[in-house]
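The values are calculated or read from the model by the stated rules, or taken from the named source; none is laboratory data. All of these numbers come straight from a predicted model, not from anything done at the bench. Cβ atoms come from the backbone with ideal geometry, glycine included; neighbour counts cover every protein chain shown. Just so you know, the surface numbers come from the protein's heavy atoms only, side chains and all, with ligands and any DNA or RNA stripped out. Shrake-Rupley method; radii C 1.70, N 1.55, O 1.52, S 1.80 Å.
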Amino acid sequence: MTFWVITEALYSRGYEHFMHDYSLFYRKIGTSLVYVAVYVDDAILTGTDLEEIKLLKKSLHDSFKIKDLGRLQYFHGFEILYKDDGVIISRRKFVIDLLKEYNCLSCSPLSLPLDPNVKLKAKEGVPLPDPMCYKKLIGKLNFLTNTRLDIDFSVQHLSKFMQDPREPELKAGYHILRYLKADPNLGVFFSKNVDYTVRAYCDSDWASCPDSRKSVTGYIVLLGDSPISWKPKKRETISLSSAEAEYKSIRKVVGELVWLQRLLEELTVPFSSPIAVFCDSQSALHIVRNPVFHERMKHIEVDCHFFRNNLQEGLISLLHIRTDHQLADILTKALTGIKHSNILSKLAVTTSLPT
């Protein structure tokens with residue numbers, strides 16, 4: 001059974017594709033609303049019409065002999081723990097298997113994914129006799145970042161050395177494993193509270209790469225208090241100032257919010273706009289709001305028009321925030337222990353151990 005075969009079966013029952021996420025389907029008739037998420041040949045069914053869900057499962061079983069696994073507990077490495085006040089999505093088993101594979105179960109745990117005092121540079125240290133070991137480790141850690149935003153910057157940082165990894169980078173990779181050992185059960189908590197407030201934080205670490213002087217930008221989007229989208233990224237071009245780097249981080253998160261707004265509307269999620277976007281750079285906010293472009297800013301004029309269109313249309317509002325309240329810091333740099341823990345406590349990242 002392939003994705004396209006399932007698609008044809010869903011079409012035959014009146015289901016439609018979401019325009020902004022092609023792996024999602026829905027059928028809406030009056031108050032009846034059913035969603036189907038499909039990944040290769042696995043599917044998740046949910047909605048307000050239990051009778052339609054039963055009929056759909058029967059129809060799919062008659063056509064493909066599907067296996068109904070009941071209430072969602074495990075899906076492609078994602079583990080779902082149900083609590084009285086919400087659910088926690090984690091990858092506990094994957095973390096445990098990873099620690100076993102790299103013989104780290106007996107290692108002492110660490111409190112940070114990266115040591116902020118260690119500065120890695122390309123081609124420093126002894127080359128690895130088997131670079132594939134490093135590449136496999138970083139690849140598996142990258143797979144984990146869908147639920148562990150606390151290691152996302154660290155994995156992105158170590159990915160820069162994939163072409164020619166050395167011993168210091170491998171040591172840093174094992175440092176992440178020892179950090180995961182401290183609590184392999186961490187996951188993202190989604191509350192049952194009806195709070196559809198969307199807000200976003202964006203940040204940049206200007207010219208932080210010692211080899212290329214390119215900046216690292218990052219953003220986090222929250223629905224209520226739960227993170228639903230996040231991304232750290234090393235910029236492809238060099239920013240000429242810290243204000244420009246911060247400004248480009250705003251550009252990335254606004255692009256994400258445009259897509260997210262359309263997806264939430266299709267999901268009939270009653271969120272309100274404008275969406276608050278928090279940035280800790282007054283200079284970057286001034287660039288966006290200033291209608292006059294100076295000669296040195298003309299190379300980013302097109303992006304500014306994109307911002308302003310969304311400001312004028314009421315999708316976003318740009319707000320300044322103090323640096324010590326910037327949640328996106330966790331995606332742009334290695335933090336000290338206190339700040340790392342403080343940000344995680346505000347991002348609904350919690351343990352998935354049953355209580």
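Expressed as a whole number of Å, what is the distance separating the alpha-carbon centroids of the stretch 152-214 and the stretch 75-94? So the separation of the two Cα centres works out to 20 Å. Of the solvent-accessible surface of the stretch 197-294, computed with a 1.4 Å probe over protein heavy atoms with every protein chain present, carbon and sulfur atoms account for 50 percent. Note on residue 346: lysines with a C-alpha under 18 Å away, same-chain residues under 8 apart excluded, are 192, 231, 333.
Please work out the average accessible area per residue across the chain, using the 1.4 Å probe convention, and give it in Å². Each residue of the chain exposes 52 Å² on average to a 1.4 Å probe. Looking at the stretch 193-281, the trypsin sites (Lys or Arg not before Pro) that sit in a DSSP loop and have at most 16 other Cβ atoms within 10 Å of their own Cβ are 213. Checking [x] 22.3, 67; [y] 20.5, 69; [z] 19.2, 57 against the coordinates, the calculated Rg and Dmax of the Cα atoms in Å falls under label [x].
Taking 0.36 nm per residue of sequence separation and subtracting the Cα-Cα distance, how much length would be gained by fully extending the chain between residue 4 and residue 54, in nm to one decimal? Fully extending the segment from residue 4 to residue 54 adds 15.8 nm. Within the chain, DSSP assigns beta bridges of which about 85% are antiparallel (rounded to the nearest 5). In loop segments of the stretch 36-81 as defined by DSSP, the trypsin sites (Lys or Arg not before Pro) with at most 14 further C-beta atoms inside 10 Å of their C-beta are 65, 67, 71. Considering helices alone, the calculated mean residue ellipticity of the chain at 222 nm is -11500 deg cm²/dmol, with DSSP H runs of length four and up weighted by -39500 (n - 2.57) and normalised per residue.
Between the alpha-carbon centres of the stretch 1-67 and the stretch 245-274 there is a gap of 26 Å.
Descending by average beta-carbon neighbour count within 10 Å, the peptides 161-173, 118-130 line up as 161-173, 118-130, the highest first.
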